[in-house]
Amino acid sequence: MRISKKCQAVQGSITLAIDAKAKQLKAEGKDVVSFGAGEPDFQTPQYIVDGAIKALNEGKTKYTAAAGTPELRKAICEYTKRNIGTEYEFTQVVVSNGAKQAILNALQAILNPGDEVIIFSPYWVSYPEMVKMADGVPIFVETIEKDSFRIDFDALNKAINEKTVAIILNTPSNPTGAVVPECDVRKIAQIAKEHDLMIISDEIYDALLYDGEKHFSITQIDEDTKERTILINGMSKAFAMTGWRIGYSISNKEIAKMIANYQSHATSNPNTIAQHATLCAITNENTDFEKMFNEFDRRRKYMVETINNIKGLSVHMPKGAFYAMVSIEGTIGKKYNGKVINGSMDFAENLLEATLTAVVPGVAFGADKHIRLSYATSMENIEKGLSRIKDFAEGLE
């Protein structure tokens, strides 16, 4: 049997075993607490659901243009201008089946075999695999944890060579919750200009910023930076529309055309009903957002304060998104039931076995001395889960 070498090079999720075990335990009726959720635990606002129902009742169920309806693409331009001040034409927008497809489309559009893409670590688990799927080579640049995961520009400059084609920028960050400050965003733009690099700017969490932080999009800097940037965003996080699967890219016209052509053969148009729901979402006021945001903020503060009072664990205050990247360095080398904790997989597997609490091992994000916890789950779950983590961590020998 012949199997594609490209597909063989793409790793499946190394956390699937823990996820599968947690689901099995839940199915058995066990009281499992999971901190893995990458989606808001709030329902999609009713006005968006009503917009989808209206579209269904009006028979808007046919194919659209592969890049999305012109009406929605124009609305995305207006929404983007409103939010970050950057102006685009609707022909520069391609609506996709989630922001994940938008990123993969972008990589397929700009990479040739062997091209290198800079990814800041800790990183979202899918970035390196998508680079490999597009025949590229992921190159990792570690951020500085003691500075709340700031970019290490010395390391970035050393990583760039004649094979480097692009930088992936994700702010606010999944998994760290870090927000890249404007001064650092401007440095990235300057480096990209000096080396003629593309930038893929993943801004899916741009609405979830705390403590007075402001989102600064790299596309705001100047026309050159805007031309070399592929902006990624979507509806999943700010509008609690994860299952609707609507994301989008905005890029220069040449790249947008390539992305649209690629998508037309790969999947054709994104879901028609979800497109109409998205149009409704971004052309009306999202009155549910403030309630969701305030609850995330409350959970964030509680989680950080609680974790920093657990022996062996520590965490920086996340400034965006809904994740906390927890250092387990103080537990490395300790034992649970005679089993040594050598890294995040050991910690996560033993934690689940001992306490029925599921976390995401940091090794999935290139940070093996960490675990990721999501606070996009109820305060009841957070309180219960953190109590179990405390008992586990402080009981290690």
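Using R0 = 51 Å, the C-beta based FRET efficiency linking residue 195 and residue 285 works out to 0.75. Distances between every pair of Cα atoms in the chain, grouped in 10 Å steps from 0 to the bin holding the largest one, split as 5, 22, 31, 26, 13, 2, 0 percent. The spacing between region 64-80 and region 340-397, judged by their C-alpha centroids, is 41 Å. Taking the DSSP bridge list for region 165-272 and keeping only pairs wholly inside it, about 30 percent are antiparallel.
What does a probe at residue 379 reach in region 34-75, counting residues whose amide N is under 16 Å from the point 7 Å along Cα→Cβ? Zone members listed by number: 41-42. Among beta bridges from DSSP that stay inside the chain, the antiparallel ones total about 50%. How much of the accessible area of the chain, in percent, comes from carbon and sulfur atoms when a 1.4 Å probe is used? The C+S portion of the solvent-accessible surface of the chain is 49 percent.
The slack between residue 150 and residue 257, meaning 0.36 nm per residue of separation minus the straight C-alpha distance, is 35.1 nm.
Taking every DSSP beta bridge that has both ends in region 280-397, the antiparallel portion is near 100%.
Each residue of region 268-280 was assigned a 3J(HN,Hα) from its phi angle through the Karplus curve 6.51 cos²θ - 1.76 cosθ + 1.60 (θ = phi - 60°); the sequence is 6, 6, x, 3, 5, 5, 5, 4, 5, 5, 5, 4, 5 Hz, with glycine and proline shown as x.
In this simple spin-label approximation, residue 30 and residue 265 carry label points 7 Å from Cα along the Cα→Cβ vector, and these lie 4.7 nm apart.
The values are calculated or read from the model by the stated rules, or taken from the named source; none is laboratory data. Please read these numbers as outputs of a predicted model, since none were measured by experiment. Note that each Cβ is placed from the backbone with ideal geometry, even for glycine, and that neighbours are counted across all protein chains shown. In case anyone asks, the SASA skips ligands and DNA or RNA and just uses the protein heavy atoms, side chains included. Shrake-Rupley method; radii C 1.70, N 1.55, O 1.52, S 1.80 Å.
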